1. Restricting the stretch 156-169 to residues that are under 42 Å from the mean Cα position of the chain (by Cα) and part of a loop (DSSP other than H, G, I, E, B), which is nearest to residue 135 (Cα to Cα)?
2. Can you tell me which residue among 140, 128, 45 is modelled with pLDDT under 75, at negative phi, under 46 Å from the mean Cα position of the chain (by Cα) and not in a helix (DSSP H, G or I)?
3. Which of the following residues is without any contact (Cβ under 8 Å) to a residue 60 or more places away in the chain, outside the structural domain of residue 109 (by TED's automatic domain parsing) and buried (at least 16 other Cβ atoms within 10 Å of the Cβ): 151, 175?
4. Evaluate the stretch 191-207: report whether one residue or more is touching a His at 6+ places or on another chain (Cβ under 7 Å), at pLDDT below 90 and outside the structural domain of residue 111 (by TED's automatic domain parsing).
5. Go through the stretch 110-125 and give me each residue that's within 20 Å of residue 170 (Cβ to Cβ) and either surrounded by 12 or more Cβ atoms within 10 Å (Cβ to Cβ) or modelled with pLDDT of 75 or more (or both).
Amino acid sequence: MILECPSCRTRYLVQIGLFAQGGRQVRCVRCRHEWRASLPVHIDVYMPPPDLTPEPPPYEPAANLPAVTKARPFAFLFTDKTKKLAQHTAKIAFFAALIILSFVALRGVIVRFDPHLITLYRAADIDVARARPKLAFEQVSSNIKYDGGTMHLFVDGVIRNTTSREQQVPDIKAMALGPDGSVIQSWQVSSPATTIEANGAVSFHTGINTPMNQTIENVRLEFVAQGKAGDGGS
């Protein structure tokens, strides 16, 4: 309810419940004028004009037109083609990750079979602890002697068992190398012992006649059944 001061025309918004018992004396805060206020006899009620806009007729789709469906955002991402592409991409990524993890986890075994790959691991900043061979060549020496116009190449050395278990000793493949690293002559040496005890060693000696017109720069030794194990000096 709104009261208006008869003196200064200041208006006040008051609760209508204050006049439930009839009129009462009030005072204007602004001009201090006092008067007796009561509920108005007539209250004007505002009624908005009715909306005369006609309602649109109900929509009836034509029989020869497809029904309208609500468009989904990013619907192009959920087509059959994109789903198949995503599945293939996920499979490729999974197998690639599996290969990389295997390449890293099995690096010790891989380097043992192909020592040249240690360069690749180092380039990728992956630490590789090269596995120590079970049998190793030690104290290898080679010398050439001439006898009656024939050149003889002799190789001596020691085979050591680097493990705490007895190991079988395979045959040895010896190769005489030229200055360019090419193999001039190769031969197989029978194992000097069937087995070597834990942390033990056995010596070996071998020799071969070599051509007079070839220069031997180095000698390489390999175990026949276990791959390359070491080189001998010239």
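1. Applying the first criterion (under 42 Å from the mean Cα position of the chain (by Cα)) to the stretch 156-169 yields 160-168.
Subset that is part of a loop (DSSP other than H, G, I, E, B): 162-166.
Details: 162: 6, 163: 8, 164: 11, 165: 11, 166: 11 Å.
Taking the candidates together, the pick is 162.
2. So the residue among 140, 128, 45 that is modelled with pLDDT under 75, at negative phi, under 46 Å from the mean Cα position of the chain (by Cα) and not in a helix (DSSP H, G or I) is 128.
3. Values: 151 fails: without any contact (Cβ under 8 Å) to a residue 60 or more places away in the chain.
Result of the check over 151, 175: 175.
4. yes
5. We begin by selecting, within the stretch 110-125, every residue within 20 Å of residue 170 (Cβ to Cβ); these are 112-115.
Answer for the stretch 110-125, where residues must be within 20 Å of residue 170 (Cβ to Cβ) and either surrounded by 12 or more Cβ atoms within 10 Å (Cβ to Cβ) or modelled with pLDDT of 75 or more (or both): 112, 114, 115.
The values are calculated or read from the model by the stated rules, or taken from the named source; none is laboratory data. Only a predicted model underlies this, so the values are computations on that prediction, with no experimental measurement involved. Backbone-built Cβ (ideal geometry, glycine too); neighbour counts: all protein chains shown.
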